[in-house]
There are 2 protein chains.
Amino acid sequence: MAVLLFDDFETLDVFGPVEVFGRLTDLYTVQFYSLQGGQISNRHGVSLSTVMLESITYPVDIFLVPGGLGTRKEVGYSSLIEKIKVVCDQSKYVLTVCTGSALLARTGLLDHKKATSNKRAFDWVASNGPHVRWDKTARWVVDGKFYTSSGVSAGIDMSLGFLSDRYGIEFARKVANEIEYNWMEDSANDSFKAV
Amino acid sequence: MAVLLFDDFETLDVFGPVEVFGRLTDLYTVQFYSLQGGQISNRHGVSLSTVMLESITYPVDIFLVPGGLGTRKEVGYSSLIEKIKVVCDQSKYVLTVCTGSALLARTGLLDHKKATSNKRAFDWVASNGPHVRWDKTARWVVDGKFYTSSGVSAGIDMSLGFLSDRYGIEFARKVANEIEYNWMEDSANDSFKAV
């Protein structure tokens, strides 16, 4: 799993899915990337070392794009959006959390596809993808190889949903149980609907 | 907030609470520590830079002790347990997640107090604190300045409970809503009871 980082990424957008996939050491290896490489920090006090996105090793099974305040800037950086598009094209699956959907929408790859995002920043996210079929009520949405989730902790529900799609619901439930997480199994059931 | 790390800490034990407290930048600053300082990694592929525990700057408002596979080794390192005790004594509040309770129990500070831990490793954790009044059914437990939580994602519920105790339930609900987390508001209500 390749995880994209940028300044002011949202902590749990990243580490919810990293907990879910990272513990499956027989199936997944987690690696962190950023546009320039090097140390990437957020305002929660978290700083991680990353590899330059250009040096990514293919094939990528899962490409994870988190959200966070940083996305407000990053949607405007065409060099990042172009690189994201290249990696998406060569990844088997693309998962976004929260406002990470805005970055993915900017590539155009979500056009005419179903997607969702953070319910508290929905209009802003949607403005980054006018041709996307935005779903305001889902916890997470699957369309082809693209998994998009609602805000922050919804990334955990989506990751478990992804495992359920690949390995069956009992496998996903086992992982949810291991991390003692009250998994919202129904992707359509979100308590945080956008108004 | 001072966060203790050690090799093979559990990702979400750390970054659930870091998400909750880290976003409150007016109230909390997150810093990572370890016994020796330097880079600390886990098997999920996460690696963080830490400061030596001995160089910790007091006063510490919250000292967070996560769990993880690493605790199985760490409970036997008296030098770490002694340092944890010193920091606990000088911290206003101590929060543990999952098997982090075993590390805290080893200091003796939980003796005759109520506490809980991961429901899947409960007997092992309890064996590290024979004089602790272990609660097998709580999502998290408060006794004086000590907050102990059940497994992994329960650290998020406990952190929100901590905010509720300090700043009121509406404040905690606001934070839960911001991270779109289905908070288990009742600390006694855990779906993952130990058998």
> B:D7 label point, 7 Å along Cα→Cβ, cut-off 15 Å on backbone N: hits in region B:24-53?
Replying inline: B:34-48
>> With the crude spin-label approximation of a point 7 Å out along Cα→Cβ, what separation in nm comes out for A:S127 versus A:K174?
In response: 4.6
> Normalised by the residues of chain A, what does the relative contact order come to in percent, with Cα pairs under 8 Å and at least six apart?
Replying inline: 19
> Taking the Cα centre of each part, how many Å lie between region B:1-71 and region A:18-92?
Replying inline: 22
> Across the residues of B:15-22, average count of Cβ atoms on other protein chains within 10 Å?
Replying inline: 6
>> So for each of A:152-159, B:145-152, B:107-114, A:136-143 I average, over its residues, the number of other beta carbons within 10 Å; can you give me the resulting order with the highest mean first?
In response: A:152-159, B:145-152, A:136-143, B:107-114
>> How shielded is B:27-34 by partner chains, expressed as the average number of their Cβ atoms within 10 Å of its Cβ atoms?
In response: 2
> Cα centroids of region A:122-156 and region B:96-112: how far apart, whole angstrom?
Replying inline: 41
>> Please report the net charge: other residues with Cβ closer than 15 Å to the Cβ of B:Y167, K and R +1, D and E -1.
In response: -1
> In what order do B:E19, B:E170 fall by count of nearby beta-carbon atoms within 10 Å, going from fewest to most?
Replying inline: B:E170, B:E19
> Shortest first, in nm, what separates the label point of A:G168 from those of the same position in the other copies (7 Å along Cα→Cβ)?
Replying inline: 5.1
> How large is Rg/Rh for region B:2-178, to two decimals, with Cα atoms and a Kirkwood Rh?
Replying inline: 0.93
>> To confirm my reading of the symmetry, which residue of chain A has the Cβ nearest the axis that brings A onto B, and what whole-Å distance does it have?
In response: A:F15, 2
> If the limit is 23 Å between Cα atoms, which of A:K85/A:K145; A:K73/A:K145; A:K83/A:K145; A:K114/A:K145 go over it?
Replying inline: A:K73/A:K145
> In terms of the Cα gyration tensor, with a ≥ b ≥ c the square roots of its eigenvalues, is region A:82-195 rounded because a/c is under 1.5, prolate because a/b exceeds b/c, or oblate?
Replying inline: oblate
> Considering only region A:2-178, what is the antiparallel percent among its DSSP beta bridges, to the nearest 5?
Replying inline: 30
> Under unit Cβ charges (Lys, Arg +1; Asp, Glu -1), what dipole magnitude, rounded to 20 debye, does region A:2-178 have relative to its Cα centre?
Replying inline: 380
> Over 23 Å between Cα atoms, which of B:K136/B:K174; A:K113/A:K193; B:K113/B:K193; A:K113/A:K136 qualify?
Replying inline: B:K136/B:K174
> What nm distance separates the two modelled labels at B:H112 and B:S191, each placed 7 Å from Cα along Cα→Cβ?
Replying inline: 3.8
>> Projecting each Cα onto the charge dipole of the protein assembly as shown (Lys/Arg +1, Asp/Glu -1 at the beta carbon, about the Cα centre), which of A:V87, A:A115, B:A105 comes out farthest on the positive side?
In response: A:A115
>> Kirkwood Rh over alpha-carbon pairs of the protein assembly as shown, then Stokes-Einstein at 4 °C and 1.567 mPa s: what D in µm² s⁻¹, rounded to an integer?
In response: 62
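Readers should treat all values here as calculations from the given coordinates under stated rules, not as data from a laboratory. This is a predicted model, so every value here is computed, not measured. Ideal geometry is used to build each Cβ from the backbone, glycine not excepted, and the neighbour counts take in all protein chains shown.
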